[in-house]
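Enquirer: Structure incoming, see below.
Laboratory data are not the source of any read-out in this text; all were calculated from the coordinates shown. The structure presented is a predicted model; accordingly, all values stated were derived computationally and were not measured. Don't worry about glycine lacking a Cβ; one is built from the backbone with ideal geometry, like all the others, and counts go over all protein chains shown.
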């Protein structure tokens, strides 16, 4: 198993203490100062690693909570209509082309039943005459 930075710093400190160095020499004072700096840096890095691990655990917990919230809010159901914004899939839209300007407009059944709409491009009034199949008319009458 590899040694941690704090263990390596302690090892270097132990090596230095095992030597018989004259503490009054300037070189020894420099070596002692460098070893103290290495020891402090190793402790700081160890503290940072602990904090990063704690933050990582908190981020994981928040991610799990967010997943649960997304499942609750979006009901985690896949939309079968292949729409981009997961609109109300019960609405059926029809494409209508304006005979005046050629603009293609998406309208729902309610707009078709209202009988007309203004073209958003050229303000031409588009009128709709809805014709139902005989079978569809009979089914609607049976439902009423």
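Enquirer: Where the centroid of each part is defined by its Cα atoms, how far is the range 93-109 from the range 50-76 in Å?
Expert: So the two Cα centres are separated by 45 Å.
Enquirer: Applying 1/(1 + (r/R0)^6) with R0 = 30 Å to the Cβ-Cβ distance of residue 3 and residue 29, what FRET efficiency is obtained, to the nearest 0.05?
Expert: Computed FRET efficiency for residue 3 and residue 29: 0.65.
Enquirer: Given the peptides 37-45, 99-107, arrange them by the average over their residues of other C-beta atoms within 10 Å, most packed first. Before the final figure, lay out each step's value.
Expert: Working: 37-45: 13.8, 99-107: 12.2.
Averaged packing, sorted descending, gives the order 37-45, 99-107.
Enquirer: If I model a spin label as a point 7 Å beyond the Cα along the Cα-Cβ vector, how far apart are those points for residue 59 and residue 97 in nm?
Expert: 5.3 nm
Enquirer: Further question on the same structure: Taking the simple approach of a point 7 Å from Cα along Cα-to-Cβ for both residue 40 and residue 13, what is their distance in nm?
Expert: Placing both labels 7 Å beyond Cα along the Cβ direction yields 1.3 nm.
Enquirer: While we're looking at this one, here's another question. Rounded to the nearest 0.05, what FRET efficiency is calculated for residue 109 and residue 72 with R0 set to 25 Å and r the Cβ-Cβ distance?
Expert: With a Förster radius of 25 Å, E is 0.20.
Enquirer: When a/c reaches 1.5 or more, the comparison of a/b and b/c decides; with that in mind, is the range 1-60 rounded, prolate or oblate per its Cα gyration tensor? Before the final figure, lay out the partial values.
Expert: Values: a/c = 6.66, a/b = 2.70, b/c = 2.47.
Taking the square roots of the gyration eigenvalues as a ≥ b ≥ c, the range 1-60 is prolate.
Enquirer: If I model a spin label as a point 7 Å beyond the Cα along the Cα-Cβ vector, how far apart are those points for residue 22 and residue 127 in nm?
Expert: So the two model labels end up 11.6 nm from each other.
Enquirer: Quick one: Cα centre-to-centre distance for the range 118-132 and the range 4-35, in angstrom?
Expert: Distance between centres, Cα-based: 90 Å.
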